[in-house]
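Taking it in order: structure first as structure tokens, then the write-up.
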Amino acid sequence: MSKRRSGQARRQSQVAVGSAVLSALIAGGIAVPAAADPPVGSKITAIPDAGLRPQADGLPTLPFGSLSQPRTQPLTAQAALLAQYSAAELELSVLGARRSDLYQAYTNTVVAKAMADYAWRAKADTLRTAKEAAEAAAVAEYQAAVKAPPHLGESLGELGRLIPRTAATPETEAVLHDLATAQQEERQAYTVLTTAITAEQQASTAYSAVEKEFKRKETAFLELKRRLAELQSEADRLREIQEQNLGSAYSPGKSNAGLVAAARAQQAVMFALSQRGKPYRWGDEGPNTYDCSGLMLASYKSAGITLNRVAKDQYYGTRAKTVSKYALLPGDLVFFATDPNDWRTIHHVGMYLGDGKMVHAPRTGDVVRPATVSLSSIDFATRVVDALPAPNLPSPTQTARPSPTRTTSPSPTVGASPSSSSSPSAPASPSPSSSPSPEPDESPEAPAAESPKASPSPSPTPAVTPAG
């Protein structure tokens, strides 16, 4: 309570101080400047100058065009047709949903009409029975009143109406009550049936109109689909021609991960590309028709390497040199399997070309051709011939150039020592022939002539022997 009272006292003191300050200002003659308000009674002779306003000189412009004319990229014929196709597909789907709703409503009205018709027929049968009971009761009552023999009412015919009636009995009243009830229920059931028939006709008319519109839109949509398929097939044909002509300007010496395909792998690639256009035939290995593994077999056979015959056996035979999908080089074998975890389910093989393409013999009715391949679709990949370092760095070439100079400079001393050690006839021949000056000229020529013969002769031998 003390805190609350102290707070109230503080606020009251602040209000009092503020009032005192305001009173002092008013008493001191402090007023609003005269320029803020015009003098009382003065006349306005001119409109105050508000400054210059910007004049519109056209549409506001943006860095890349105006608001009314946005820049658009020109559409190709296929893109424009695809836009029409998408719009027609959306419209047809909406109209199809509307048609389904109307058909369901029409079906419901048909069911409701059938139920109303059944109910009305039941009520009509009840009314018929009530009428027969009422007629029988009236005849019986009349016969009892006039004490006439049975079937008198049937014999009297129209004269029976002239005979005066007596007071109705309770039984007759009950029958008449049932008749009136049956008549009322029959009229109600007939009204329900009439309403159901009208609703069914309206639903049928609405559904028929939407069905007619849907068929018209569907016909136009199918025409767009056909035209789009034609353009797509034409684009595929042009792409196919480009891929078929890949071998004319193709270089299999593409590098990946610092490596380049070996010479014999490149030779296999060029052979496979040279077979493009030849038909697929199961079990054939060329030279006129191929299946997928037969093309791989013939391609590497042209480079002096023998593979297994079937695709899964080709994987099994090269499984020691599996390669990652992201390190593929031209000449690598790519395999496709039913189960990516089981190599025994491999059913197709192709040869990688680089840049996401491969050459293969696809299927019956197709031909040997290059094709685009997705890395995610490849299940297994192997390398037949070991890759080589890519010669794209200048440092190895600089180190290779001084190496032959070092070998050639000591060659005279090295050439003299083996010539003397290997054949004693060589030093004997120059000594009697002439002075020792031609001896160093002939000695370096002999090793120089032998060195190129020795270098190429062993090089092809180790290259052929391990691959074979």
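The values are calculated or read from the model by the stated rules, or taken from the named source; none is laboratory data. None of these values were measured; they are calculated from a predicted model. Virtual Cβ from ideal backbone geometry, glycine too; neighbours counted across all protein chains shown.
Out of region 359-374, which residues are surrounded by fewer than 23 Cβ atoms within 10 Å (Cβ to Cβ) and part of a strand (DSSP E or B)?
If the condition is that a residue be surrounded by fewer than 23 Cβ atoms within 10 Å (Cβ to Cβ) and part of a strand (DSSP E or B), then Val367, Arg369, Ala371, Thr372 are the ones that fit.
Looking only at region 361-390, count every residue that is within 15 Å of Phe335 (Cα to Cα) and among the aliphatic types (A, V, I, L, M) and tell me the total.
7
Identify all residues within region 321-351 that are farther than 14 Å from Met296 by Cβ, of a type in the set (Val, Ile, Thr) and not in a helix (DSSP H, G or I); write none if there are none.
Once the filter is applied, which keeps residues that are farther than 14 Å from Met296 by Cβ, of a type in the set (Val, Ile, Thr) and not in a helix (DSSP H, G or I), region 321-351 yields Thr322, Val323, Thr338.
For Ser302, which of the numbered conditions (1) at pLDDT 90 or above; (2) of a type in the set (Gly, Ala, Ser); (3) buried (at least 22 other Cβ atoms within 10 Å of the Cβ) fails to hold?
For Ser302, the failing item is (3).
Would you mind finding the one in Leu179, Leu193 that is surrounded by 18 or more Cβ atoms within 10 Å (Cβ to Cβ), closer than 20 Å to Gln104 by Cα and either modelled with pLDDT of 95 or more or over 52 Å from the mean Cα position of the chain (by Cα) (or both)?
On inspection, the qualifying residue turns out to be Leu193.
Please go through region 87-132 and give me each residue that is surrounded by 18 or more Cβ atoms within 10 Å (Cβ to Cβ), over 57 Å from the mean Cα position of the chain (by Cα) and of a type in the set (Gly, Ala, Ser), ordered by number.
Answer for region 87-132, where residues must be surrounded by 18 or more Cβ atoms within 10 Å (Cβ to Cβ), over 57 Å from the mean Cα position of the chain (by Cα) and of a type in the set (Gly, Ala, Ser): just Ala130.
Check Asp284, Asp291 and return the single one that is surrounded by 18 or more Cβ atoms within 10 Å (Cβ to Cβ) and either closer than 14 Å to Gly354 by Cα or assigned by TED's automatic domain parsing to the domain that holds Arg369 (or both).
So the residue among Asp284, Asp291 that is surrounded by 18 or more Cβ atoms within 10 Å (Cβ to Cβ) and either closer than 14 Å to Gly354 by Cα or assigned by TED's automatic domain parsing to the domain that holds Arg369 (or both) is Asp291.
Criterion first (among the β-branched types (Val, Ile, Thr) and farther than 30 Å from Arg237 by Cβ) does Thr382 satisfy it?
Yes; evaluated as a whole, the condition is true for this residue.
Of the conditions (1) in a loop (DSSP other than H, G, I, E, B); (2) β-branched (Val, Ile, Thr); (3) modelled with pLDDT under 90, Thr407 satisfies every one except a single condition; which number is it?
With respect to (1) in a loop (DSSP other than H, G, I, E, B); (2) β-branched (Val, Ile, Thr); (3) modelled with pLDDT under 90, Thr407 is out only on (1).
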